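S.K.: I'd like to ask you about the structure that follows.
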Amino acid sequence: MRFPVSLSSIWPLICAAAIPAPAGFGQSLSIAKVGATNYSVQASAPANNPHTLQASADLQLWVDLRSDVQGSTTVTLDDATVSNRYFRLIPSPPPPPPIRILLLGDSMASDCCGWGGGVYGYFKPEATVVNYAMPWVSTKVFLQSAEWDKMLLIQPDYVFMQYGFMDGGLDFDRNTTLEEFEANLRTIIDAVQSFNGVPVLITVHAARLWDENGKVVPAWEERNDITRRLAAELDLPLVDFYKITEALFNELGPEGTAFMHWAGGTPDDFMHFSPLGAQYVSRLLVNALPASFSPYLTGMVFEPPPVP
């Protein structure tokens, strides 16, 4: 398990996760290393007092690994990054109320060829995810579309918004100036908040393009900066997907990201994702969501899909 900078501030949690609880409580939690990278998490709770085994990478977003623990249970994890996680055993909470999540954006977030197609397995059934992101849709196009009316009708609890790619394109019927882009984002945000929905702003992900030094070439800076500024100004959740994917692509390089290439694109398509690529990067996006999403996430958020 990793130790944060201030060990004393979370010492009770570390103890609870690594050492069995006092026998009087009838519950215990222990972690054993098995082999080079495998870990065995063993938990027990009284038969008449269901508990839930959870894991976290940051002590904020806690995800259920196993619910309704009564008696003893063992979870074997073979991911090398397990050593960077925290584990806890808590009394099982009641099921969360159902929520609806709507995705908005262009093809970068769509089901057909964007990261949106990869998010579904990371959410429990209590979270219904609907994807309205479609190719060629800018903020201007969305505000004039049937999907705009549908959003106002279904009134989702959360709206994930990733705009900027088509807004900054060369199609004059679709693109926007920077001023129009910001104004359109504010219009969408105001509409979502008018029915008590929560807008979650998402920056456009990095391009899989590298310079002569092997570093990702910067892109979408002006529009991503507007998205970041609006999130800060309006106190809205922000997933800085650009920074997340920039770090990932710099780590993997051209060869390591080859599996992300969308088969339906041109050889130089550096933005769209294969189904496996969408699943791979969307896992990182989901892990960056606010802690309020914890009850709605599956344990898959910790397991990167295998790379072919």
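The values are calculated or read from the model by the stated rules, or taken from the named source; none is laboratory data. Because the structure is a prediction, the values reported are computed rather than measured. We place every Cβ from the backbone using ideal geometry, glycine too, and count neighbours over all the protein chains shown. Areas reflect the complete protein model, heavy atoms only, side chains present, ligands, DNA and RNA absent. Shrake-Rupley method; radii C 1.70, N 1.55, O 1.52, S 1.80 Å.
S.K.: Using a 10 Å Cβ count of at most 14 others and DSSP loop calls, identify the longest part of the chain lacking such chymotrypsin sites (Phe, Trp or Tyr not before Pro).
M.R.: Numbers: sites that count: 136, 172, 195.
Result for the longest clean stretch: 1-135.
S.K.: Which of the GluC sites (Glu not before Pro) found in region 194-280 are loop residues per DSSP with 12 or fewer other Cβ atoms within 10 Å of their Cβ?
M.R.: The qualifying sites are 212.
S.K.: Could you work out which residue, out of 245, 177, 257, moves most in a Gaussian network model of the chain, that is, has the largest mean-square fluctuation with Cα springs under 10 Å?
M.R.: 177
S.K.: Residue 274's amide H: which non-local residues (gap 5+, or another chain) put their own amide H closer than 5 Å, with H modeled 1.01 Å from N in plane and none for Pro or chain starts?
M.R.: Residues meeting the criterion, in which the H sits 1.01 Å from N, are 261, 262.
S.K.: Defining a contact as two alpha carbons under 8 Å apart and six or more residues distant in sequence, what relative contact order in percent does region 156-204 show? Could you put the intermediate results ahead of the total?
M.R.: Values: 47 pairs, mean separation 29.3, N = 49.
It comes to 60 percent, rounded to a whole number.
S.K.: Okay, next question. Considering the chain as a Gaussian network with a 10 Å cut-off on Cα pairs, which listed residue, 267, 156, 237, attains the greatest mean-square fluctuation?
M.R.: Maximum fluctuation in the GNM of the chain, among the listed residues, is at 267.
S.K.: Pairs of Cα atoms under 8 Å, at least six residues apart: use those to get the relative contact order of the chain, whole percent.
M.R.: Contact order relative to length: 17 percent.
S.K.: Oh, and also: May I ask you to give the solvent-accessible area per residue for region 154-253, in square angstrom, as obtained with a 1.4 angstrom probe?
M.R.: On a per-residue basis, 47 Å².
S.K.: Under 27 Å between alpha carbons, and skipping anything fewer than 8 positions from residue 124 in its own chain: which lysines qualify?
M.R.: 150, 243
S.K.: Tell me the mean residue ellipticity at 222 nm calculated for the chain from its helices only (DSSP H runs of n ≥ 4, each -39500 (n - 2.57), averaged over every residue, nearest 500).
M.R.: Numbers: 7 runs with 82 residues, N = 308.
Result for the chain, helices only: -8000 deg cm²/dmol.
S.K.: GNM, the chain, Cα, under 10 Å: largest mean-square fluctuation among 232, 109, 191?
M.R.: Comparing 232, 109, 191 in the GNM, the peak value goes to 232.
S.K.: Counting only protein heavy atoms and using a 1.4 Å probe, what share of the accessible area of region 225-308 belongs to carbon plus sulfur, as a whole percent? Please list the in-between numbers first.
M.R.: Values: 2290 of 3780 Å².
With neighbouring chains kept in place, the figure for region 225-308 is 61 percent.
S.K.: Also, I was wondering about something else. Which net charge results when you count Lys and Arg as +1 and Asp and Glu as -1 among the other residues whose beta-carbon is under 12 Å from that of residue 222?
M.R.: Residues near residue 222 contribute -2 overall.
S.K.: Related question: Mind checking which aspartates and glutamates have their Cα closer than 19 Å to the Cα of residue 215? Skip sequence neighbours fewer than 8 apart in that chain.
M.R.: Here the aspartates and glutamates satisfying the reach criterion relative to residue 215 are 240, 246, 251, 255, 268, 269.
S.K.: What's the local net charge at residue 133, with K and R +1, D and E -1, over the other residues with C-beta under 12 Å away?
M.R.: Net charge around residue 133: -3.
S.K.: How big, in percent, is the set of alpha carbon pairs in the chain lying more than 36 Å apart? Before the final figure, lay out each step's value.
M.R.: Working: 11839 of 47278 pairs.
Taking all Cα-Cα pairs of the chain, the fraction more than 36 Å apart is 25 percent.
S.K.: Rounded to the nearest 10 Å², what accessible area does residue 103 have for a 1.4 Å probe in the complete protein model?
M.R.: In the full protein context, residue 103 sits at about 0 Å².
S.K.: Give, as a single signed number, the net charge of other residues whose beta carbon lies under 13 Å from the beta carbon of residue 196, with Lys and Arg counted +1 and Asp and Glu -1. Before the final figure, lay out each step's value.
M.R.: Values: positive: 100; negative: 157, 190.
After counting each charged neighbour, the total is -1.
S.K.: Mind jotting down the distance between the C-alpha centroids of region 58-73 and region 171-238, whole Å?
M.R.: Taking the Cα centre of region 58-73 as reference, the centre of region 171-238 is 35 Å away.
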